[in-house]
Amino acid sequence: MSRIGRLPVAIPAGVEVSVSPENIVTVKGAKGTLTLKVNSIITVKVEGAEVHVTRPNDDKPVKAMHGLYRKLIANMVEGVSKGFEKSLILNGVGYKATKQGKKLVLNLGYSHPVEIEEIPGITYECVSVTEVVVKGIDKELVGQMAANIRKVRNPDPYHVYGIRYKDEVIVRKEGKTGKK
């Protein structure tokens, strides 16, 4: 059995998990509600304060789905109770971020400021002029929006200018050398 799939998902206080007959898992918590359509091969049961995910056989695709759906449900439970966040650092001369209403405005050395709109379920927070935090309850959506912001100005390996994740390490490359 899958090492990840066989672990039960603990349901903390204040979180409600329900499974419909169509195999749609709904998780409600203090921060919001998330839903997930689970493949009909996988069985999801709520027993007490735990969610159990089981599979009918040991075929390779079924084993992969078993661990995947268990982790997706665990992320949903964590998202509605605690939430997720990703921190981004702007590194460069004159690079700064500000928040204007529901927009994140980035000045990154281009001839124009780059504006990124908030989407439902995602909020931006400017901790300082060079640090942006992306917050939300959906882990996939938070990661995607952080990646979209990072893509506006990827870090340069020669000067390390650009947008990087807070815990990311950029390996610097050596520049050209003179004649010998």
Report summary line: In whole Hz, the Karplus estimates of ³J(HN,Hα) for the range 33-38 (6.51, -1.76, 1.60; θ = phi - 60°; x where Gly or Pro) are 10, 10, 10, 8, 8, 9
**Report entry** Per-residue HN-Hα couplings for the range 148-160 [Karplus 6.51, -1.76, 1.60; θ = phi - 60°; Hz; x = Gly/Pro]
**Finding:** 5, 5, 4, 5, 4, 8, 4, x, 7, x, 8, 10, 6
Query raised in the report: Of (i) 20.5, 64; (ii) 21.1, 74; (iii) 21.7, 79, which one was derived for Rg and Dmax of the Cα atoms in Å from the structure shown?
Result: (ii)
Requested in this report: List every residue whose amide H lies under 5 Å from the amide H of Tyr95, counting only residues 5 or more places away in sequence or on a different chain, with H placed 1.01 Å from N in the peptide plane.
Outcome: none
Query raised in the report: Do any chymotrypsin sites (Phe, Trp or Tyr not before Pro) in the range 111-180 lie in a DSSP loop with no more than 15 other beta carbon atoms within 10 Å, and if so, which?
Result: Tyr158
Query raised in the report: Given labels modelled 7 Å from the Cα in the Cβ direction, how far is it in nm from Asn107 to Glu22?
Result: 5.0 nm
Query raised in the report: Once both axes come from the Cα atoms, what is the angle between helix 60-81 and the longest principal axis of the chain, in degrees from 0 to 90, rounded to 10?
Result: 70 degrees
Query - Residues with amide H under 5 Å from that of Gly32, placed H, sequence gap 5 or more - result: none
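Could you work out the local net charge near Gly109, counting Lys and Arg as +1, Asp and Glu as -1, over the other residues with Cβ closer than 13 Å to its Cβ?
Surrounding charge for Gly109 is +1.
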Requested in this report: Starting at the first residue of the range 46-51, write each ³J(HN,Hα) from the Karplus equation 6.51 cos²θ - 1.76 cosθ + 1.60 with θ = phi - 60°, in whole Hz, x for Gly and Pro.
Outcome: 9, 10, x, 9, 9, 10
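Where a number appears in this text, it was derived from the coordinates with a stated rule and is not lab data. All values reported here derive from a predicted model rather than from experimental measurement. Counting neighbours? That spans all protein chains shown, and the Cβs are built from the backbone with ideal geometry, glycine included.
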